[in-house]
Amino acid sequence: MIPSRRFANVWLKEEGANPTGTFKARGLALAVSMARHYGLTKLAAPSAGNAGGALAAYAAAAGIEAHIFMPKDVPMANQVECWAYGAHLTLVDGLISDCGRMVAERKAAEGWFDISTLKEPFRVEGKKTMGYELVEQLGWEYPDAVFYPTGGGVGLIGMWKAFEEMEQLGWVTGKRPRMYALQASGCAPVERAFEEGKDVSEFFQGAATFASGLRVPKPYGDNIILEIVRASGGKVVASEDAAILASILDWAKEEGIFLSPEGAAATAAYDTLLASGEIKRGERVVLFNTGAGLKYVDMTAEAMHLRRPGSLPTSLPVGGIITPA
Ligand SMILES: Cc1ncc(COP(=O)(O)O)c(C=O)c1O
């Protein structure tokens, strides 16, 4: 965890240094290892992008087939990593919900094991390590609040499980942190349900945000996310893309950290809740940067209205770009 340079008692839990550049590696490292342990040979999953990249990498390392379905407008890095790792990638003209439907329709005939979020136990087990780490890194004490960018919510669910386990082991005592689930206003089904006092979310129509990992219009575990947030005394907060981009630039300039758009949904919400008085200055807060900003240069450049001055040749002659043939 990296202490903030500006806010006392605020730490950024930096997940960008994981293999494949995001916290998704935690869940898929374990899920793919266990799939191999059980002798599975063909795995399939819908993905908002980063889970697909992590699945492709671990499947390649394990010698297992990966069949990945992603929206066609995911960050370029997610497509490139899937192709490079040799996964079978289908780019879908739709959202992760459409990708999930395709996996469900085809898995029986194709002999795929469905390794989707919360449909097998080990992705949660892998992601719960974030809960162990943050408590360990705070000297076996809970912080006051945890800010977690929430799409499918697996990290949040995993951390809550970790807290339960650590309490049973006698490793930590005291009040659990308030859990803040952060979404983007362009896709905020859980925030809407939270505000309306509902136990489950409704499908969020027209989901659109450059925080692509948060573009989950109807999380499978929405009821569990809502239950945890309410039990902890936290909130679900959504930020506009403009505020997310502003927070990326703010943290880059002021802290020297290039956040992913999802991570910036956490930092933007922190600013909002600090300003409203919901969070007090000096409270011990952990903000999750769930991925490396560098995985999103195309999306962030677009959000900043930046364009490359020239375009690369569509095919590279022998000798490459430096010494064209
Ligand atoms: C960088 C990043 N952050 C957050 C999320 C949301 O994760 P979860 O499904 O655990 O809520 C994703 C999901 O794709 C992601 O890629």
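The values are calculated or read from the model by the stated rules, or taken from the named source; none is laboratory data. Because the structure is predicted, anything quoted here is derived from the model rather than measured. Ideal geometry is used to build each Cβ from the backbone, glycine not excepted, and the neighbour counts take in all protein chains shown. Side chains included, ligands, DNA and RNA excluded: accessible areas come from the protein's heavy atoms. Shrake-Rupley method; radii C 1.70, N 1.55, O 1.52, S 1.80 Å.
Annotation for the range 155-192: trypsin sites (Lys or Arg not before Pro) lying in DSSP loop with at most 11 further Cβ atoms inside 10 Å of their Cβ are LYS175. Put simply, the amide H of CYS187, placed in the peptide plane, has neighbours under 5 Å in ALA208, leaving out anything fewer than 5 places away on its chain. Computed in the context of the full set of protein chains, the accessible area of the chain at 1.4 Å probe radius has 56% of its extent on carbon or sulfur.
Taken one residue at a time, the phi angles of the range 277-285 give Karplus couplings (6.51, -1.76, 1.60, θ = phi - 60°) of x, 4, 10, 9, 4, x, 5, 7, 10 Hz. Gly and Pro are set to x.
Each residue of the range 178-193 was assigned a 3J(HN,Hα) from its phi angle through the Karplus expression (A = 6.51, B = -1.76, C = 1.60, θ = phi - 60°), giving 5, 9, 9, 9, 10, 10, 9, 4, x, 7, 10, x, 6, 4, 4, 5 Hz with x at Gly and Pro.
Comparing mean-square fluctuations of ALA231, ALA269, ALA54 from a GNM of the chain with C-alpha springs under 10 Å, the top value falls on ALA231. Enumerate by residue number the trypsin sites (Lys or Arg not before Pro) in the range 40-146 meeting two conditions: DSSP loop (anything except H, G, I, E, B), and at most 11 other Cβ atoms within 10 Å of the site's Cβ. Here the sparse-neighbourhood loop sites are LYS72. With θ taken as phi - 60° and the Karplus curve 6.51 cos²θ - 1.76 cosθ + 1.60 applied, the whole-hertz 3J(HN,Hα) list for the range 236-249 is 10, 10, 10, 10, 5, 4, 4, 6, 5, 4, 4, 6, 4, 5 Hz, x standing for glycine and proline. When the helices of the chain are scored as -39500 (n - 2.57) per DSSP H run of n ≥ 4 and the total is divided over every residue, the value at 222 nm lands at -13000 deg cm²/dmol. Heavy-atom accessible surface of the range 21-122, averaged per residue, reaches 42 Å², computed with a 1.4 Å probe. The value of relative contact order for the range 21-122, using C-alpha pairs under 8 Å at least six residues apart, is 32 percent.
Measuring between alpha carbons in the structure, the pairs from LYS198/LYS280; LYS42/LYS198; LYS175/LYS198; LYS72/LYS235; LYS13/LYS42 lying more than 29 angstrom apart are LYS42/LYS198; LYS72/LYS235; LYS13/LYS42. Looking at the range 86-239 alone, DSSP beta bridges between its own residues are antiparallel in about 10 percent of cases. Taking every alpha-carbon pair within the chain, the share separated by more than 34 Å comes to 22 percent.
Note that the range 153-305 shows a convex hull volume over its alpha carbon atoms of 125 Å³ per residue.
Shown here for the range 187-248: chymotrypsin sites (Phe, Trp or Tyr not before Pro) in loop regions (DSSP other than H, G, I, E, B) with at most 10 other Cβ atoms within 10 Å, namely PHE203.
Computed from the Kirkwood radius of its Cα pairs, the Stokes-Einstein diffusion coefficient for the range 21-122 at 37 °C and 0.692 mPa s stands at 252 µm²/s.
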